[in-house]
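One structure is given here, and the rest of the page talks about it.
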Amino acid sequence: MRRRLRRHRHRLERIPHLLVAENVISQAELDALFEGKLEDIYTLRVKALDTAVSHADFARILLHIAQRRGFKSNRKSGTSKEDGELLAAVSANRALMAEKGYRTVGEMLLKDPQYSGSKRNKGGKYLATVGRDMVEEEVRAIFKAQREQGQAFAATELE
């Protein structure tokens with residue numbers, strides 16, 4: 001657990017440095033990124049699929065997704081009861097996305113009424129559990145959409 005938490009914290013420290021190094025956002029913009037009145041992040045994630053977003057909004061989207069990307073296990077053993085519940089929730093969300101035609105996880109979390117109260121898991125309920133591959137697909141879709149809108153900061157090298 002300590003190793004996982006340390007890696008998570010270290011990843012969250014490295015991502016802003018990467019965004020500055022790749023000229024997605026300047027250090028001054030990064031320092032002021034979360035000041036003032038901010039647009040809802042899920043609204044931004046959906047907006048980024050259709051229209052060009054600013055450097056700062058793109059950075060906010062990537063930072064938000066990185067914070068919630070999930071854990072990829074390399075465990076080879078069987079699954080526990082909790083793992084079964086998680087996998088069932090992932091399957092249910094995958095089916096919901098296919099049934100209602102949501103393009104990404106962010107769009108599902110924004111538009112589906114069952115997530116209007118909370119978009120996070122609480123109290124042993126795994127309603128908002130999604131597969132890590134689903135999150136990766138959303139990032140790829142956002143990068144592709146931004147490149148199609150002519151945004152140079154959404155380079156394939158950064159993706």
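Taking θ as phi - 60° and the Karplus parameters 6.51, -1.76 and 1.60, the scalar couplings of the range 19-24 work out to 4, 6, 5, 8, 6, 6 Hz in sequence order, x denoting glycine and proline.
A Cβ-based charge dipole, computed about the Cα centre of the chain with Lys and Arg at +1 and Asp and Glu at -1, lands at about 1000 debye. Each helix, a run of at least 4 DSSP H residues, gives -39500 (n - 2.57); summed and divided by the residues of the chain, these come to -18500 deg cm²/dmol at 222 nm. Is the range 1-40 rounded, prolate or oblate when judged by the Cα gyration tensor, a ≥ b ≥ c being the square roots of its eigenvalues, rounded requiring a/c under 1.5 and prolate requiring a/b larger than b/c? Taking the square roots of the gyration eigenvalues as a ≥ b ≥ c, the range 1-40 is oblate.
Out of every Cα-Cα pair that the chain contains, those further apart than 18 angstrom amount to 64 percent. Can you tell which of Lys111, Lys47, Lys125 shows the greatest fluctuation in a Gaussian network model of the chain with Cα springs below 10 Å? Fluctuation is largest for Lys125.
Springs between Cα atoms under 10 Å define the GNM used for the chain, and in it the highest mean-square fluctuation of Gly84, Gly106, Gly117 occurs at Gly117.
Bear in mind these aren't lab numbers, they're just calculated from the coordinates by the rules spelled out. Keep in mind that this is a model prediction, so the values were computed, not measured. So basically every Cβ, Gly included, is an ideal-geometry build from the backbone, and we count neighbours across all protein chains shown.
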